[in-house]
Amino acid sequence: MGIPKHRITICTSCKNKGETCRPGYELIERLRAAIEAAGDSVSEDFEISGVACMAGCDHPCTVAYHGTRKATYLFGDIEPGQDIEDLVDFAQQYALLHDGWCSSVDRPGKLRKNTLVRVPAMMMALEESERLVS
């Protein structure tokens with residue numbers, strides 16, 4: 001098994017208002033199983049982990065997709081028992097996107113309307129005067 005090219009990060013602090021349950025742990029478990037079931041084309045490319053907070057508290061559960069030199073996405077209001085298929089479908093799509101960029105209409109199901117943020121990939125720009133010349 002090689003080094004994963006992509007990461008899916010799930011908030012483990014999020015909890016639905018008025019509840020004590022933190023659905024992030026269940027979502028991690030279900031998503032890992034679903035990605036594994038999707039086969040080598042997806043499971044080899046993704047690492048799934050939890051993080052204590054992604055500041056999406058008003059939209060539990062939050063899920064982020066990251067890739068080297070790719071746009072990062074943060075989705076909110078994700079439900080472990082209902083949205084796994086959309087998350088796996090987006091993983092398959094995201095893995096094939098050269099720069100990670102896609103419009104909302106291209107995202108599967110609930111992810112079309114539940115995108116909290118899309119952050120462009122970091123680009124390093126050097127001004128002509130800063131370049132080293134040999």
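The values are calculated or read from the model by the stated rules, or taken from the named source; none is laboratory data. A quick note: this is a predicted structure, and the numbers were derived from the prediction, not measured. Every residue, glycine among them, receives a Cβ derived from its backbone with ideal geometry; neighbour counts consider all protein chains shown. When the accessible area is computed, the model is the full protein with side chains, heavy atoms only, and any ligands, DNA or RNA have been set aside. Shrake-Rupley method; radii C 1.70, N 1.55, O 1.52, S 1.80 Å.
Filtered by the rule that a residue be crowded, with 16+ Cβ neighbours inside 10 Å and closer than 14 Å to residue 28 by Cβ, segment 80-90 gives 80, 83, 84, 87, 88. In this structure, residue 64 does not qualify as within 20 Å of residue 43 (Cα to Cα), open to solvent by less than 50 Å² (accessible area, probe 1.4 Å), modelled with pLDDT under 95 and of a type in the set (Gly, Ala, Ser). Summed over segment 13-38, the residues that are open to solvent by less than 20 Å² (accessible area, probe 1.4 Å) and either of a type in the set (Asp, Glu) or out of contact with any Cys (no Cβ under 6 Å at 6 or more places or on another chain) (or both) give a count of 3. Against the criterion of being closer than 24 Å to residue 18 by Cα and either among the polar types (S, T, N, Q) or without any contact (Cβ under 8 Å) to a residue 12 or more places away in the chain (or both), residue 72 does not qualify.
Total residues in segment 41-55 satisfying the condition of being within 18 Å of residue 87 (Cβ to Cβ) and either in contact with a Cys (Cβ under 9 Å, 6 or more places away or on another chain) or not in a strand (DSSP E or B) (or both): the figure is 8. Selection within segment 91-114: residues that are open to solvent by 40 Å² or more (accessible area, probe 1.4 Å) and not in a loop (DSSP other than H, G, I, E, B). The member of this set that is farthest from residue 16 (Cα to Cα) is 96.
From the residues in segment 47-58 that are out of contact with any helix residue (DSSP H, G or I) (no Cβ under 6 Å at 6 or more places or on another chain) and buried (at least 17 other Cβ atoms within 10 Å of the Cβ), which one is nearest to residue 95 (Cα to Cα)? Residue satisfying both the conditions and the ranking: 54. Restricting segment 67-79 to residues that are surrounded by 19 or more Cβ atoms within 10 Å (Cβ to Cβ) and not basic (Lys, Arg) leaves a set whose member that is nearest to residue 46 (Cα to Cα) is 67.
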